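Every number in this text was worked out from the coordinates using simple rules, so none of it is lab data. These numbers were taken from a predicted model, which means no experiment stands behind them. Backbone-built Cβ (ideal geometry, glycine too); neighbour counts: all protein chains shown.
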Amino acid sequence: MDHTTSDLKNISNHFQKVRWRGDSKFTCCCPVHNDKSPSAYVELKNGWINLGCSSGCEISDLRAHIKDLGYNKNTKPGPRSSSKKKKKPEPRTPDGYKMLMPVPKKHKELWTTHMHKLTSEYPDNVNPLKVIHVYQDLERKPLMMVARKINAEGKKYFLPYTFWENKEGRVRWDTVAPTENKPLYIKKNIDIKLSDIKTIHIYEGEKTTDSGYLTFKENPEILHLSWLGGSKTWRLADWNHLKLLGPAGASIHSIYLFPDNDKGGYEAMEGIAWGLTTIFKTRDIRILDFKDKSEGWDIADIEDQEELDAMIEEYNNADLAKLPIVKEFTYIREIDSFYDWDQQLFYKSDHFNRILMTDVVFDENNQRLDNSKKFVQAESTDKADKITFDPQEKKRFSIGGTAYVNSYIPFIVPPVVGDTAWLDEFFNYIAPDLSIRKYLIQWIAHNIRFPGVKIMVAILIYGVEGTGKGTVYQLIRAMLGKDYVKQVREEQFKDKFTEHLYKRIVLCIDEIKVDYSNRVSMMNKLKNLITEDEFTVDMKGMRPFETKNVANFLLLTNHDNAITINERSRRFFVFGIDKAPMPGEWYSNIYTKIRTEPGVIKDYFDKVDLSDFDKFAPAPKTKFFNEVVENTKGEDMRLLDTYYEELRWPFTDTNFVCIADLQKGLERLKIRVSLKLLQDWVKSKGGDKIGQIRFGKQRPVIWYIDPNTPRPTELKDIARYYLEPYWPAGEYDTNNFYHLDYEQRRKKDGLAKLDEVSHTKTFF
């Protein structure tokens, strides 16, 4: 059966950054190479779904992705000739030429001539500031050149120059970069043999490599290198060239990676670290951390001795990179993905090899596997039906024949007896009220001693900036681990993707302030997450899956109207820090204690008495709770409270109300409140739904709003109370009153007397 536009619409829901080109074609982020900007297209043509990617991804991979969505037929690559996608530029060389790499020795003179040309001639828009980087292989054979130029506006130009030859033996240079097997940019001491090299330094860019070479020139056993094209092209580099260093790089003891200080730089180095494990035996691979530097900083930006010393210190103390371990992959059938225990990440099955860069997995016979499908089929591969996160469960368990793996890895802080006076001082400062302080400490202690056990109450702390709200978060994080205690902003919490909720024991929402426009949806979402047993994990590019909801919530804000709650709210423990901030050194000392004495903190909370702490009980009410309730009311709700307290119209002294009629009456007073809010308000006053009373064709639902006054038991009496209007004499005209009195009702329905009315009571 041919596909339709409806199918195309359904397919588009599974892609990111969809941009429609008419009704039958859209562009999107390519799911094959983890695209960040739309480079793929999906098109409906003559009942066929045509596919393509401008980045050169295999069409078969794209087709497999579409088929995984259930569209198994009528998929094919789109005709490139008719596609509107951008094609890669053709080499600006005559037909019949091919790239020579390395450049033959016989063309040494042409090489020298061209280099001289590059350093002596400039385009009109480029100033004379120019550097030529010469690419050579490990055997010092010339490969290509890259000219680094800067124009008058300061914009950088990187122009690759490669060597070409045709069948007739004619040769020429051209500014065309290799599309694959891109060469490495290598700097090494010319007097050192390959077998004498003990350490490799990898940088991002030629200029940074040159700086590293000069910085560490006193150590000739270091090989310095980079790759062509920047952080996004490292996968295309010819890393296998490093195998010339010997069998499995036996002589290499250590590898240091120097990222540019940006997201792309760190991601590239992490990927390279993984890939190098297939070339070298060493596991001593370290990624330097420059996150305290400015965005985009690299070691070529070092300006003085102080910066140089700081970089050397980081070099000497660099942590080992996280590297793949074959046995730490588990295949999850439910989502057709691998879970990497070392990195704690999910990888789609069809991207597994691509991510690992090569075949680093083995079957039961210790034979390399070429693709993820074979890996899934191998008996030695660890498999499970579902994955969850539950600190109270074992790593593996079964429920009803379903095999689960538990992604929780215990975080252990051994208790140490020590001085905890500073903790008492801190809690006395932020919560001087004993009952508030006790509940807060018990809540924290319960999370620490029983991680992953739901408490049906969230903590809301408000106060001016700098009073110590964040210190509570830091205390919990030190006890439960930074991977399991995370801080998110409100805008992240609103995101449709829920990855930030997965694997959280405590989730802190910082600077929460629910907008009036979305208060209902936001509060409902928050309340559900506080109490629900499960939630759906929805990650970008992954199949959604259900997991246990173990997170407890800590809310921090500077506002006393941050969330919308009413008098009946049971799931929020609220307190404010209404003191001036302490001196900076006071907080500094606390943070030092948190960092250096985690065992002492653990011992403190281990000794907290939890015998009277009920994780299911409603939150204790505080004066701060009442303040938030009052401050989150709208002006209309405040007027409603006033009218009720003063028994002003449309309220009566009997306090029998129909919410729909009450709404109409309030509208006459220009007070607009929704039925839902009115119902919640009536409940907050102790209101009780009596049921429906039938008067002819009308069936008002009657609420009894005053629990302290005995109410009538006979429906006819309830009806009479409700029907008889009440207002101060002379203040309102009968014709404007929204109730019909008894006589008007009798005439309308043609009834003789109230006792003859058929009354039915229906409870909801």
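Taking the fewest neighbouring Cβ atoms within 10 Å as the starting point, the ordered list for W227, W164 is W164, W227.
Under the simplified labelling scheme, the K664-N566 pair shows an inter-label distance of 2.2 nm, with each label point 7 Å from Cα along Cα→Cβ.
With contacts taken as Cα pairs under 8 Å and at least 6 residues apart, the stretch 389-529 reaches a relative contact order of 19 percent.
Quick check on the exposure proxy: order D284, D2, D298, D238 from fewest to most C-beta atoms within 10 angstrom.
D2, D284, D238, D298
Tally Lys/Arg at +1 and Asp/Glu at -1 over every other residue whose Cβ is under 11 Å from the Cβ of F535; what's the total? Value of the local net charge: -2. In sequence order, the stretch 205-216 has phi-based couplings of x, 5, 4, 5, 4, 4, 5, x, 4, 6, 5, 9 Hz under the Karplus curve 6.51 cos²θ - 1.76 cosθ + 1.60, θ = phi - 60°, and Gly or Pro positions carry x.
Taken about its Cα centre, the stretch 5-77 carries a charge dipole of about 160 debye when Lys and Arg each add +1 at the Cβ and Asp and Glu each add -1 at the Cβ. The slack in the chain from K117 to D319, taken as 0.36 nm per residue of separation less the alpha-carbon distance, amounts to 68.2 nm. Its relative contact order, with pairs defined as Cα atoms under 8 Å and 6+ residues apart, puts the stretch 140-247 at 23 percent. Counting neighbouring Cβ atoms within 10 Å and putting the fewest first, the residues K193, K182 line up as K193, K182.
Dipole of the stretch 294-343 computed with +1 at Lys/Arg Cβ and -1 at Asp/Glu Cβ about the Cα centre; of I312, S294, Q343, farthest Cα towards the positive end is Q343.
The distance between label points at E627 and D433 comes to 0.9 nm (points 7 Å beyond Cα on the Cα→Cβ vector). In this structure, the pairs whose alpha-carbon distance is over 18 Å, taken from K193/K217; K395/K486; K105/K198; K187/K293, are K395/K486; K105/K198; K187/K293.
Between D578 and L110, the distance separating the two model label sites (each 7 Å from Cα on the Cα→Cβ line) works out to 8.6 nm. Look at the alpha carbon pairs under 8 Å that are at least 6 residues apart: their mean separation over the length of the stretch 5-77 gives a relative contact order of 22 percent. If we count every other residue with Cβ under 12 angstrom of N317's Cβ, Lys/Arg +1 and Asp/Glu -1, where does the sum land? Residues near N317 contribute -3 overall.
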